[in-house]
Structure formats: structure tokens, C-alpha cells
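The values are calculated or read from the model by the stated rules, or taken from the named source; none is laboratory data. Fair warning: this is a prediction, and the values are worked out from it, not measured in the lab. Positions of Cβ are generated from backbone atoms using ideal geometry, with glycine treated the same way; all protein chains shown enter the neighbour counts.
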There are 2 protein chains.
Amino acid sequence: MNGMDDTGFISILREHGLQVTYQRLAIYQALYHSKEHPSAEEIHQQVGRRFSMISLGTVYKTLERFSEAGLIDKINPVAEVARYDANLMPHHHFVCVKCQAIYDLEGVSDDESPMRLDGYEDFKILKRQVILRGYCPKCRSRETES
Amino acid sequence: MNGMDDTGFISILREHGLQVTYQRLAIYQALYHSKEHPSAEEIHQQVGRRFSMISLGTVYKTLERFSEAGLIDKINPVAEVARYDANLMPHHHFVCVKCQAIYDLEGVSDDESPMRLDGYEDFKILKRQVILRGYCPKCRSRETES
DNA sequence: ATTCTTGCAAACGGTTTGCACATAC
DNA sequence: GTATGTGCAAACCGTTTGCAAGAAT
């Protein structure tokens, strides 16, 4: 389930021009191993379980640095609070309107190239984000309406 | 540029099960006539220019009621603060990463039906939102990078 | 008369900021 | 040794909430 050792994570940080600290390693690893698109708060708690506690302010600053450096994506704000994603492969998201969970949508076609759009040549399109909203399987089964 | 009188707006509110007050009329008209996807704050200022000032709290409560009633859309939060839209026709948005302006994308195909998706039959999809991010024409010309 | 809405002000919560200290390079 | 990152706490700001007064039905 792991697939990378500390040395690997250190290289990744360096490759993105980021100075290496144990806090950054911990934060990036937590995000890297999570599929939950966690918030800063959640990352903070998760990191605190394995290492001595890191301040929440540092988590915010670090995630912002990571995001600037292109190491992670800030899915911000699809839900009420900012959520982060270490998976940089282009993919879409499903957001549950009830429990706020975010699911990756794998293998959903993204035919339209994000870079051009008829009638909008004057816009410089950097990225395309598709968000589906509705009930996730868990919340759907709890609803009366099938 | 107008196209609807007060009586028309009153009917629309009633049709959505909303009690009619002059504050609600003012707020809905302001949003209806705007193409800027204004924030609550902006609506508040705009309304204050034409009527006696309405409290900001009321603007927030009212927009929330409108949104529940299906009278408007809460594009929330595509940018840093919630932005609202009275145009209920399905359409996509372009958000400028620099000036935060939101543009409607008219006539952009939305082939995939929002209701079904191969491999995600357990999800109840209510709506699909496509957001393109990049530089709008104005900000693009101010950038060095063409 | 009853129910819903408004205004006001205080509270809330996620995020940002300033600064002194510590660490990476 | 210098630049950069961290911790802490206070500030910020969009938004929500509680409640008494007011308006709609």
C-alpha cells in the first residue's frame, strides 16, 4: 500500500524546488496516502497521530506552498472548506451534497481539450474542472427517494 | 434592457412559494439584471444604491431562501466567496484565476447527460458543473506570457 | 392573529498574517 | 551565515445565528 520510502518523498519535494523539513515530509506523505481529499484540518489530525504535533498554521502554509509549486492540487473550494489532492492526473470529482464526500471519477472521458474552445479564443484556459453533485451510494440508500 | 415589470417579479417569487417583500423584490431584480455573478456583498451594495439600504444579513438569508426554492443558483464556491446566478439554464463557467471574474460559457456542448455515468450507477447525480480556469481576455493581455 | 421576514449585533470557523525562534542549506 | 520554514496567537472576513420588532397573509 505504500510504494515509496522517505528518500523518494524527499526527491519529489526537491524536484519541485521545495526545501525539505520533517513537517513537509509528514504532510505530503499523509496527503499522498489518502484518498479522501482531506482538508487542512484533517491532514493536521492525521499527521499528529504519527509524529509529534505540527501546528495547524504550518499545515496551511505548507499546503499553500505545495499547491504553488504544483506538487498538489487545491480543489478549492468544491465543498465548504478547501480540500486537497495529491493525484495530479486529470480527473473529475463527484461531491455528495449530503455528506460532502469527494469521489474521484476514474475513466470518465474528457474529450474537450482544455486549451481551446470555439468562440472563446481570447481566453487562456489553464485547466478544466468537472464537478458532479448528488447523492453518493451511502447517502442515497439512506434517502427515501430512490 | 429590462423586459419585466414589478408584477412579473412578484409572480415569479409567488410561483416559487416565496413570500413577497420589497427587500426580496430588490434583491431578485438586482441579481436578475446582473451578468456578473455577484456575491452577497455586491448585491447588497447594488441594492443599496436604488432603495433604502437593506441589511447584509437579510441579503444572505434571502439568497439562501431563493437558492433553496430553486429560484437562483448558488455557484458555491467557485471563487473565494459565494457567487450567485439567476440564469437557471444549464451552462458552464469560466473563472479568471487573476481577477476572479466569472464568465458564462454559452453554446458549449454538454453532451454527457448529467444523470448517468458508466461505472457510477450507484451515484444519484443531480447536476453537473464544468469550470474552466485561466486568464480572461483582459488579464491575459496584461500578462507577459502571451 | 399568526406566521414569516427583517435588522442588528454577536458569534463562528476556516484561513491568513506577523513575528520571534529554529532549521535547512 | 543567510535564507527559509515553523509555532503561536491574534486578526481577518465571509457567513450564520439568535432574538426582538415589523410586515405579509
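Of all residues being among the basic types (Lys, Arg) and modelled with pLDDT of 90 or more in region B:57-89, which is nearest to the chain's Cα centre (by Cα)? Just the residue, please. Quick ask: steps written out before the conclusion?
The first filter runs over region B:57-89 and keeps only residues among the basic types (Lys, Arg), leaving B:61, B:65, B:74, B:83.
Narrowing further to those that are modelled with pLDDT of 90 or more: B:61, B:65.
Numbers: B:Lys61: 15, B:Arg65: 14 Å.
Result: B:Arg65.
Take A:Asp85 and decide whether it is in the same structural domain as A:Gly134 (by TED's automatic domain parsing) and more than 16 Å from DNA strand D (Cβ to nearest atom).
On the way: in the same structural domain as A:Gly134 (by TED's automatic domain parsing): no; more than 16 Å from DNA strand D (Cβ to nearest atom): yes.
Spelling it out, it is not the case that A:Asp85 is in the same structural domain as A:Gly134 (by TED's automatic domain parsing) and more than 16 Å from DNA strand D (Cβ to nearest atom).
Only a single item in (1) in contact (Cβ under 8 Å) with a residue 40 or more places away in the chain; (2) assigned to a helix (DSSP H, G or I); (3) within 12 Å of DNA strand C (Cβ to nearest atom) is not met by A:Arg14, and it is number (1).
Is it the case, given these coordinates, that B:Lys35 is assigned to a loop (DSSP other than H, G, I, E, B), loosely packed, with under 15 Cβ neighbours inside 10 Å and among the charged types (D, E, K, R)?
Criteria met by B:Lys35.
Considered as a group, the residues in region B:99-130 that are modelled with pLDDT of 85 or more, over 16 Å from A:Leu105 (Cα atoms) and in contact with a strand residue (DSSP E or B) (Cβ under 6 Å, 6 or more places away or on another chain) include one that is farthest from the other protein chains (Cβ to nearest Cβ), and that residue is B:Ile102. Is region A:40-47 home to any residue that is assigned to a strand (DSSP E or B), more than 14 Å from DNA strand C (Cβ to nearest atom) and either within 29 Å of B:Tyr120 (Cβ to Cβ) or among the aliphatic types (A, V, I, L, M) (or both)? The answer is no; no qualifying residue exists. Across region A:46-74, what is the number of residues that are of a type in the set (A, V, I, L, M, F, W, C), touching a residue at least 40 places away in the same chain (Cβ under 8 Å) and either crowded, with 18+ Cβ neighbours inside 10 Å or away from DNA strand D (no atom under 12 Å from the Cβ) (or both)? Matching residues across region A:46-74 total 3. Among the residues of this structure, A:Phe94 counts as one that is under 26 Å from B:Arg83 (Cβ atoms), in contact with a Lys or Arg (Cβ under 9 Å, 6 or more places away or on another chain) and not in a loop (DSSP other than H, G, I, E, B). Looking at region A:65-89, which of the residues that are within 14 Å of chain B (Cβ to nearest Cβ), touching a strand residue (DSSP E or B) at 6+ places or on another chain (Cβ under 8 Å) and closer than 21 Å to A:Leu13 by Cα is farthest from DNA strand C (Cβ to nearest atom)? Among them, the one singled out is A:Asp73.
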